[in-house]
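Beneath this line is the structure, given in structure tokens, with notes to follow.
The values are calculated or read from the model by the stated rules, or taken from the named source; none is laboratory data. Everything numeric in this text was worked out from a predicted model, so none of it was measured. Glycine also receives a Cβ, built like all others from the backbone with ideal geometry; neighbour counts cover every protein chain displayed. Ligands, DNA and RNA are excluded from the accessible area calculation, which covers all protein heavy atoms including side chains. Shrake-Rupley method; radii C 1.70, N 1.55, O 1.52, S 1.80 Å.
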Amino acid sequence: MKGVTLPTETVFVMEMSPIKFGLGAMDEIGFDAQRLGIRTALIFTDPHLAELGLAERVRGLLEEQGVKADVYDGVEVEPTDRSMEEAAEYARSKAFDGLIAVGGGSTIDTCKAANLLACHPAPILDYINKPVGGGRPVPGPLKPLIAVPTTGGTGSETTAAAITHIVDQDVKAGISHRLLRPALGIVDPLNTLTAPPEVTAAVGADVLTHAIESYTTRPYDARPKHNPPDRPVYIGANPASDVWCEKAIEYVARYLRRAVLNGLDVEARLHLALAANYAGIGFGNAGVHIPHAAAYPVAGQIRDYVPAGYRTRHALVPHGMAVILTAPAAFRFTYAASPERHLRAAEMLGARVTGLGEAERREALPQALIALMRDVGMPSGIAAVGYGDRDVPALVAGALKQPRLLVGAPRAVAAGDLEWILRDAMRYW
Ligand SMILES: [Fe+2]
């Protein structure tokens, strides 16, 4: 029986990859590959991790259980459509029945794309979300992918998205479809122990921003009603995503400073790895908004900022740094849409939120974020990575190329609002 047609969404979906978590969890990968029916695997990794021997270690663990594996170590950090096509080309040249991604978000996303393009060959742009690409849905099941995150940040082991840089259009865009989700995520906090403090800080900033953006994004029931096949992966804040995001914020607040101070603090590393995964589950369903949209041009238009702690001599703003740099300004802007959620996020970050006047209430979340940024060594705003007033129009134009993310902002955001946010994000202290 057909019921009444409701004007706004009444249904939300909660999807995530199965997760194996814990100290030493990676040692069990041979058993898990077997269990998923993998007999011949392709391991994807980046040249740095290959040099450190991690991919070889995984290969040994697989072979102990009779799973044959080849290693592809050509994954590019900050992958492009071209580097993903190259990875897919490699996959198509091999016989395999499963894939293993060992690395950060770049590696896991490249592996997802290679799996898709090897199983259902087509130009990558066909699958990229509109308006950048054709938005073609994934036609059918992919081969099982086991994701082993080594940075503990992106949550890509549980999300349905693969993000890339489209070289010809000079824009970041993604493929998002539920069938891209890994068959299993193996989160082993031991893999994060060697991350330098600067990397730990940026990764933690990404986790925190995922969680707060998902917590404050336009709720699912304030969005238009979707037909099931058209319902997007990012459906808005909902009672389930809230649970994961709240826990992620709490853990980052409690453990990020500790892990930056002492990388061998296993308790802190373990909780940050949990936080990354929880935030991935939260934003993988609810979605992110302004800070992630603005982060693309902030990272993409960088001229000469070279971050400490990274193995690069090239100008680069790490993703987590790019997202947190506009976050305090963005949440100042979005505060009015849901003051109670912004205050609750501030409270979970340790801020006092009772007995405040309205102006102080609006500042609670931005100030809590700024305090954390200072403590973990983040730059003081986008001016500190080389941007000035004259760059604002190009940054605004870049953020406007992310309508899929901006639609998640809890209040309508126009070019003028983005300009205000970017100017406000120049210098926080
Ligand atoms: Fe992110």
Original post:
Ranked from the most accessible area to the least, with a 1.4 Å probe and all protein chains present, what is the order of MET373, MET348?
Top reply: MET348, MET373
Original post:
Using the Kirkwood radius built from alpha carbon pairs, what does the Stokes-Einstein equation give as D for the chain at 37 °C and 0.692 mPa s, in µm² per second?
Top reply: 152 µm²/s
Subject >> the chain - accessible surface per residue (Å², probe 1.4 Å) >> reply: 40 Å²
Subject >> Mean Cβ neighbour count within 10 Å, used as a protection proxy, ranking 403-415, 107-119, 138-150, 306-318 highest first >> reply: 107-119, 138-150, 403-415, 306-318
Original post:
Extension gain ASP265-LEU356, at 0.36 nm per residue separation less the Cα-Cα distance, in nm?
Top reply: 29.2 nm
Original post:
Expressed as a whole percentage, what fraction of the accessible surface of the chain belongs to carbon and sulfur atoms when a 1.4 Å probe is rolled over the protein heavy atoms?
Top reply: 54 percent
Original post:
Say a paramagnetic label sat at a point 7 Å from the Cα of HIS314, along Cα to Cβ; which residues of the range 124-152 have their backbone N under 20 Å from it?
Top reply: 151
Subject >> Nearest 10 degrees, 0 to 90: helix 290-300 Cα axis against the chain principal axis >> reply: 70 degrees
Original post:
What 222 nm value per residue comes from the helices of the chain, counting each DSSP H run with n ≥ 4 as -39,500 (n - 2.57) and dividing by all residues, nearest 500 deg cm²/dmol?
Top reply: -14500 deg cm²/dmol
Subject >> Full-stretch length increase - TRP429, ALA384 - with 0.36 nm per residue and alpha-carbon distance subtracted >> reply: 15.1 nm
Subject >> Loop-located GluC sites (Glu not before Pro) in the range 1-98, at most 16 other Cβ atoms within 10 Å (DSSP) >> reply: GLU15
Original post:
Which stretch or stretches of the range 409-429 have amide N atoms under 13 Å from the point lying 7 Å from LEU400's Cα along the Cα→Cβ direction?
Top reply: 413-420
**OP:** Just add up the charged neighbours of GLY320: K/R +1, D/E -1, any other residue whose Cβ is under 11 Å from the Cβ of GLY320.
**Re:** -2
Original post:
What's the FRET efficiency of ARG303 with VAL4 using the Cβ-Cβ distance as r and R₀ = 56 Å, to the nearest 0.05?
Top reply: 0.50
Original post:
Nearest-5 percent of antiparallel DSSP beta bridges in the chain?
Top reply: 25 percent
Original post:
By how many nm would the segment from ASP230 to VAL243 grow when fully extended, if each residue of separation counts as 0.36 nm and the alpha-carbon distance is taken off?
Top reply: 2.1 nm
Subject >> Compactness of the range 200-276 - radius of gyration and Dmax, Cα, Å >> reply: 15.2, 49
**OP:** Would you calculate the separation in nanometres between label points at ALA414 and LEU52, each defined as 7 Å from the Cα along the Cα-to-beta-carbon direction?
**Re:** 4.7 nm
**OP:** Specify the inter-centroid distance of the range 233-262 and the range 311-339, based on alpha-carbon positions, in whole Å.
**Re:** 16 Å
**OP:** Enumerate the calculated ³J(HN,Hα) couplings along the range 45-56 in order (Karplus 6.51 cos²θ - 1.76 cosθ + 1.60, θ = phi - 60°), each rounded to whole Hz, writing x wherever the residue is Gly or Pro.
**Re:** 7, 9, x, 5, 5, 4, 4, 6, x, 5, 5, 4
Original post:
What is the distance in Å between the Cα centres of the range 357-429 and the range 1-57?
Top reply: 32 Å
Original post:
Which loop-located trypsin sites (Lys or Arg not before Pro) does the range 187-265 contain, where loop means any DSSP state but H, G, I, E or B and the Cβ has at most 15 other Cβ atoms within 10 Å?
Top reply: LYS225
Original post:
GLY185's amide H: which non-local residues (gap 5+, or another chain) put their own amide H closer than 5 Å, with H modeled 1.01 Å from N in plane and none for Pro or chain starts?
Top reply: ILE19, LYS20, ALA147
